[in-house]
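The values are calculated or read from the model by the stated rules, or taken from the named source; none is laboratory data. Quick caveat: nothing in here was measured; it's all calculated off a predicted structure. FYI the Cβ positions are ideal-geometry reconstructions off the backbone, even for glycines, and counts take in every protein chain you see.
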Amino acid sequence: MSLDLSNLLDSTSYEVNTLQVLAHPDDFLPIYDRLQSQPKINKAMLEAIDNVKQQLQSSDKPLGAHHKKKPIPQYYKTRYNLQALYHFDMPDFHRLVYTVRRSPVDGKIEVMFLELLTHEQYNKRFDYFKKKSH
């Protein structure tokens, strides 16, 4: 079953059994809108979202790289108040960044897609390869 992000444009959520898939309305949905003109990345993103969703429906281990609590950039902690962060490698060196949490309202598992970053944006966000001054 494929997740159609057009459902997210109205309500920003899509529920399947006890898993709710969310897209951040300010940070992720504008990216989705821009990707309409880039079919290769758009298709890969939809497939990645579907893969993450399927993995979480069958396992408690999210798909992709897990960022331990300490190296999670302060930006994500402050902006999204999250405890767990994951990324999924995409074509053309993009990273799909998301979090998994329990809903404070009903306790259901939620996966929220936060950003789709280029390799350069990802390195900057995570302070990788920062030049050291002498």
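Structural remarks
- Hey, Pro30 modelled with pLDDT under 85 and closer than 22 Å to Phe126 by Cβ or not: no
- Failed condition for Lys40, given (1) surrounded by 14 or more Cβ atoms within 10 Å (Cβ to Cβ); (2) in contact with an Asp or Glu (Cβ under 8 Å, 6 or more places away or on another chain): (1)
- Number of the condition not met by Pro62 [criteria: (1) within 14 Å of Val21 (Cα to Cα); (2) at pLDDT 90 or above]: (2)
- There is at least one residue in the stretch 49-66 that is of a type in the set (Lys, Arg) and loosely packed, with under 11 Cβ neighbours inside 10 Å.
- Of the strands (runs of 3 or more DSSP E) entirely within the stretch 10-123, those holding at least 2 residues that are free of Cβ contacts under 8 Å to residues at least 60 places away in the same chain occupy 13-16, 65-67, 85-89, 95-102.
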